[in-house]
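Have a look at this one.
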Amino acid sequence: MSLRLKFLLIFLISTSIPVILFSFLMYTFFANLAEKQSETETKLFLNQVNKNLTSHLDEIRRISLLPDFDSSIQEGLNHPKIMITENTKPTDNLYATMNAVTQFRMLPFCSGATIFHKNGTLLLSQYFSPINSHLKRPLNQEQWFQTFIHDQTKTSMYITESRWADLHENPDSYFNNWAFSYMQKLYSYPGHVFNGILVLDFKQDLFEQVVHQSEKQGLYPHFFVYHPQQSEFLYESNPKFMTKDIEEMVKTGSNVTQTVDKTINGSDYFVTYKNLEGSPWVLISTTSKAEMLQEAQVVYKTIAGVLLFCILFSILLSVLFSRRLTQPILELQKLMGRVESGNLQVRYQQNRNDEIGYLGNSFNHMLNELDKTLYKSYMLELLRSQIHPHFLYNTLGTIASIAKIRKVSEIYTLSIALSKLLRYSINKHEDKWVSFEKELEHLRYYVDAQKIRFGDKVTVNWEIDEGIIEQKTIKLVLQPLVENAFMHGLEPKGGGTIDIIGNVDQEQLIWEIRDDGVGMTEVQLQLLRDSLHQTVTRTSEQIKSGIGFFNVHQRVLLTFGPPYGLEVQSEVGKGTTVRLILPIVSRGEEHVPITHCG
């Protein structure tokens with residue numbers, strides 16, 4: 001399977017699965033949200049119905065207390081006979097009392113107002129009809145009425161259809177659109193004596209108006225008002241909808257809004273109910289889950305469409321992405337093949353800021369470092385070879401001078417020293433790393449040779465830390481510096497002193513070659529310092545200022561990198577101090593790679 005196909009499959013899987021999972025979670029979320037929202041709105045609806053209906057009932061209770069303060073009604077209660085005559089025609093007092101009763105018709109949706117004596121006799125009705133024409137039998141024959149008038153703790157009650165309509169001669173006409181009646185005890189003054197009953201009849205329009213004021217956009221098609229004590233419904237939006245198990249469930253009622261799941265006529269519904277404050281009634285509302293989830297179904301279809309679009313778009317994007325991703329990788333693969341064939345001049349040319357661009361830059365950096373490594377190896381060999389003829393030239397000059405001046409046996413000693421020096425310098429089969437013990441042995445041969453030349457005019461002091469003897473270094477790092485002190489410091493002066501000092505300072509090896517020779521001017525010192533860092537073009541003044549310095553410094557820098565190398569301080573007439581800084585090369589680490597110094 002190709003890399004491009006792998007990328008294509010991985011991208012399709014990684015994009016499709018999250019999109020499908022997200023779509024499923026979104027549908028579930030919106031379905032749950034719709035249920036919670038419906039439940040919340042139903043509870044808000046019932047709470048609003050409770051608030052509106054409670055307001056109406058409070059108004060009814062307040063208005064029903066007015067007869068206690070109406071003089072015409074009070075007089076009628078104290079003297080019932082003045083309210084009617086034997087021929088059942090209204091008297092003047094009757095007209096006054098009727099006007100007082102008629103004010104109850106001002107209550108919204110009030111269909112009738114009637115006053116009875118406490119013995120159950122009909123005293124007055126808002127309708128001008130013969131006495132007792134509305135009732136089949138006296139009210140005091142009803143057990144519930146007797147219980148009410150003798151209960152001193154109860155001053156009012158609500159009457160439903162089964163108790164009230166059965167007393168009327170023509171209930172079908174009288175109770176058309178009737179919902180309930182409110183019965184209030186009336187008292188005469190002075191003495192607060194119970195003398196009568198006020199009955200107010202109300203239409204179902206009251207509940208319909210309250211529902212209309214409370215509902216939003218017809219979301220609650222099924223609403224009921226239930227009287228659990230009398231097991232009767234005062235209001236039903238759908239009489240065939242309510243079932244017996246729901247009636248049993250809401251009989252206990254609840255002071256807080258409750259919502260339960262119920263299956264009604266084969267469909268799932270949310271049934272929400274609560275007690276109506278200040279009354280024995282229970283408010284019930286049912287909401288169809290199917291209607292409730294209609295919005296969620298629309299969302300689901302929308303999500304399905306978006307899902308299909310996302311999958312198709314992912315396929316297209318996967319093809320383009322895999323092509324864009326693999327094409328530069330294939331190009332990089334071709335470049336690597338050309339490098340394997342020996343072409344080190346190729347480079348990755350695309351300018352990218354992503355991981356592929358990083359690989360390309362790393363590839364270019366690898367080739368650059370390879371070029372630098374080859375160049376450093378070449379420079380190390382070149383610089384190492386430069387020291388041989390230079391040193392040989394100076395040594396042979398010394399031998400020639402001694403032979404010319406003295407013509408004595410010291411030539412033998414000098415020859416021995418020269419042979420040792422040449423053997424150490426020219427031996428290419430020896431390992432790159434040497435101990436300072438060998439480096440100092442080589443240096444002592446050189447100093448012995450120079451003492452033969454200068455005699456007592458030169459003094460060499462050795463201050464070597466014992467801990468530095470076994471440390472490793474590259475060959476020929478000390479002798480060129482001491483040679484420079486002899487040739488350019490002491491020889492023009494005719495003699496002097498050289499101090500060779502070696503110390504271990506934490507993680508570094510510090511060597512100092514001091515002489516009290518002629519020293520250098522500021523210009524000469526600056527030329528020497530500049531020459532140490534120029535690897536290509538050097539002026540004749542810089543070459544003259546010290547090929548040995550340049551050689552040692554460049555080899556140390558190419559081998560160990562900054563901050564290692566030479567530091568030079570000098571002053572005219574006082575001498576020169578050369579400071580060589582080297583790292584500590586521990587045993588087993590002699591394979592330290594050549595480090596780029598730039």
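The values are calculated or read from the model by the stated rules, or taken from the named source; none is laboratory data. All values derive from a computational prediction rather than experimental measurement. Neighbour counts are summed over all protein chains in view; Cβ atoms, including those assigned to glycine, are modelled from backbone coordinates with ideal geometry. In case anyone asks, the SASA skips ligands and DNA or RNA and just uses the protein heavy atoms, side chains included. Shrake-Rupley method; radii C 1.70, N 1.55, O 1.52, S 1.80 Å.
Ranked from highest to lowest mean number of other Cβ atoms within 10 Å per residue, what is the order of the peptides 514-525, 335-346?
514-525, 335-346
What is the extension gain from residue 579 to residue 347, computed as 0.36 nm multiplied by their sequence separation minus the C-alpha to C-alpha distance, in nm to one decimal? Working shown, then result.
On the way: separation 232, 0.36 × 232 = 83.52 nm, distance 4.15 nm.
Working it through step by step, the gained length comes to 79.4 nm.
Here is a follow-up. In the range 306-332, which residues have a backbone nitrogen under 20 Å from the label point lying 7 Å from residue 20's Cα in the Cα-to-Cβ direction?
The answer is 306-319.
What part of the accessible area of the range 1-66, given as a whole %, is carbon or sulfur when the probe is 1.4 angstrom?
71 percent
Still on this structure, I have one more. Given a Förster distance of 56 Å, report the FRET efficiency between residue 69 and residue 40 from their Cβ-Cβ distance, rounded to the nearest 0.05.
Here the calculated transfer efficiency is 0.80.
In the structure shown, do any of 438/472; 457/493; 457/574; 475/574; 51/203; 36/262 have a Cα-Cα gap over 21 Å, and if so which? Numbers along the way, then the final one.
Working: 438/472 10 Å; 457/493 10 Å; 457/574 17 Å; 475/574 30 Å; 51/203 19 Å; 36/262 16 Å.
Beyond 21 Å: 475/574.
What ranking do 493-506, 566-579 get when scored by the average of other Cβ atoms within 10 Å per residue, highest first?
566-579, 493-506
Could you state how much accessible area residue 437 has, in square angstrom rounded to the nearest 10, with a 1.4 Å probe and all protein chains kept in place?
My reading of the accessible area for residue 437 is about 100 Å².
Also, I was wondering about something else. Would you mind calculating the gained length between residue 508 and residue 338 on full extension (0.36 nm times residue separation, minus the Cα-Cα distance), in nm to one decimal? Let's see the in-between values first.
Working: separation 170, 0.36 × 170 = 61.20 nm, distance 4.32 nm.
Gain on extension, residue 508 to residue 338, equals 56.9 nm.
Another question, then. With each pseudo-label sitting 7 Å past Cα toward Cβ, what's the residue 320-residue 13 distance in nm, one decimal?
It is 2.4 nm.
Let me ask you something else. Extension gain residue 521-residue 461, at 0.36 nm per residue separation less the Cα-Cα distance, in nm?
On the way: separation 60, 0.36 × 60 = 21.60 nm, distance 2.54 nm.
That works out to 19.1 nm of additional length.
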